[in-house]
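Undergrad: Below is a structure I'd like to ask you about.
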């Protein structure tokens, strides 16, 4: 079980000389509103096109799965006001590589003062202290996800020796366009998702994603995060069954706060998965088409999803055929973890 968050300050002699600056740990839910405000400011400046809510943060803290909020979340605080933060997670990929992912957000008002570099250095130090791999020969890798609109973050990553290794797209589909009526493969049926089936649905998704790039086994704690996701609505889920076996699913949802903030009516067709025995039979397309229709019935005018550009199952082509258009690009940057003496 993760240690409890605290108000402990993080000693950091290389911090920029900004009066009132300190780096500290999470003090609990009292910090959520300030973190949401930082993210909102970043989203506006960097065109992130997303909203993070206090409920989202609470779910990640309460069900960390691959991180420890007491050690993996660092906040930059100036005179009692949170101006930025960095969050880390750690996982061991099936190939044996340690992946230490960091994602940081810094209020635009406080950029270009060395704070972003300091938050990055803190994440490096945390990664250095966290050992996962069974063998010393396995690679230890730093990773981050950056939207192409985050030009400052892109520049910082390149300056610090990171290289782009993978690309993904945010895709959007106009729901006023015709939605195809695609049949399910023979022998399969879609039925309403019930609470007794949630774990089986999650297990099927976990199995299906084993084929994806960068896969690391999902711990059971991930299931609690799955259940706690504040925007899920099982009435929108489309789950295909072959008898008592889950063949595939699309777990759509609507983020009402995000729609309110951006003045739109968008639903997400996400967690799209098909298990190996049922692939190449049109199941994903049929489930997505049903999901699009369900979102339109809820009054949504567009649907969105994210996809790995090189997804091995050919997902990008499937989505394009169903009318999705790429509108934003996300880049995964990686570099090897520096030695302890090079973490400045």
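Every read-out reported here was derived from the displayed coordinates using simple, explicitly stated rules and does not represent laboratory data. Here the structure is a predicted model, which is why all the values come from computation and not from measurement. Ideal geometry is used to build each Cβ from the backbone, glycine not excepted, and the neighbour counts take in all protein chains shown.
Undergrad: Can you tell me which of 176, 29, 285 moves the most in a GNM of the chain? Springs connect C-alpha atoms under 10 Å apart.
TA: 176
Undergrad: Report the calculated FRET efficiency for residue 12 and residue 103 (r = Cβ-Cβ distance, R0 = 22 Å), to the nearest 0.05.
TA: Calculated value: 0.70.
Undergrad: Using Cβ contacts closer than 10 Å as the measure, can you line up 82, 190, 250, 325 from fewest to most?
TA: Lowest count first: 325, 190, 82, 250.
Undergrad: For n ≥ 4 DSSP H runs only, could you compute -39500 (n - 2.57) per run for the chain, divide by its residues and tell me the 222 nm figure to the nearest 500?
TA: Counting only the DSSP helices, I get -8500 deg cm²/dmol.
Undergrad: Using the C-alpha gyration tensor of region 178-322, what are the square roots of 5 times its eigenvalues, in whole angstrom, with the largest one first?
TA: Ellipsoid semi-axes (Å, largest first): 22, 19, 16.
Undergrad: If you average the sequence gap of Cα pairs under 8 Å that are 6 or more apart and divide by the length of the chain, what percent do you get for the contact order?
TA: This gives 21 percent for the chain.
Undergrad: Taking neighbour Cβ counts within 10 Å as the exposure measure, how do 209, 324 sort from fewest upward?
TA: 209, 324
Undergrad: For region 136-257, what's the radius of gyration and Dmax over Cα atoms, in angstrom?
TA: Here Rg and the maximum Cα pair distance are 19.0, 55 Å.
Undergrad: How big is region 160-225 by the Kirkwood estimate over distinct Cα pairs, in Å?
TA: Working: mean 1/r = 0.0607 Å⁻¹.
Computed over region 160-225, the radius equals 16.5 Å.
Undergrad: Give the angle, between 0 and 90 degrees and rounded to the nearest 10, that separates the Cα long axis of helix 32-46 from the longest principal axis of the Cα atoms of the chain.
TA: It is inclined by approximately 80 degrees.
Undergrad: Now for a different question. What's the exposure ranking of 53, 101, 94, going from fewest to most Cβ atoms within 10 Å?
TA: Numbers: 53 18, 101 22, 94 10.
So the ranking, lowest neighbour count to highest, is 94, 53, 101.
Undergrad: Let me ask another. Given a Förster radius of 22 Å and the C-beta distance between residue 117 and residue 163 as r, what FRET efficiency does 1/(1 + (r/R0)^6) yield to the nearest 0.05?
TA: On the way: r = 18 Å, r/R0 = 0.83.
Using R0 = 22 Å, I get an efficiency of 0.75.
Undergrad: How much length is gained if the chain between residue 301 and residue 189 is pulled fully straight, taking 0.36 nm per residue apart and subtracting their Cα-Cα distance, in nm to one decimal?
TA: 37.6 nm
Undergrad: Where does the chain land on Rg/Rh, using Cα atoms and the Kirkwood Rh?
TA: 0.97
Undergrad: Given points 7 Å out from each Cα along the Cα-Cβ axis, report the residue 229 to residue 265 separation in nanometres with one decimal.
TA: Computed distance between label sites residue 229 and residue 265 equals 2.3 nm.
Undergrad: Shifting gears a bit: Report D for region 82-212 in µm² per second (integer): Stokes-Einstein, Kirkwood Rh on Cα pairs, 37 °C, 0.692 mPa s.
TA: 173 µm²/s
Undergrad: Extent of region 79-137 along each principal axis, from alpha carbon coordinates, in Å, largest to smallest?
TA: Per principal axis, max minus min of the Cα coordinates gives 43, 20, 16 Å.
Undergrad: Still on this structure: Would you mind computing Rg(Cα) / (2.2 N^0.38 Å) for region 254-337, counting N as its residues?
TA: 1.26
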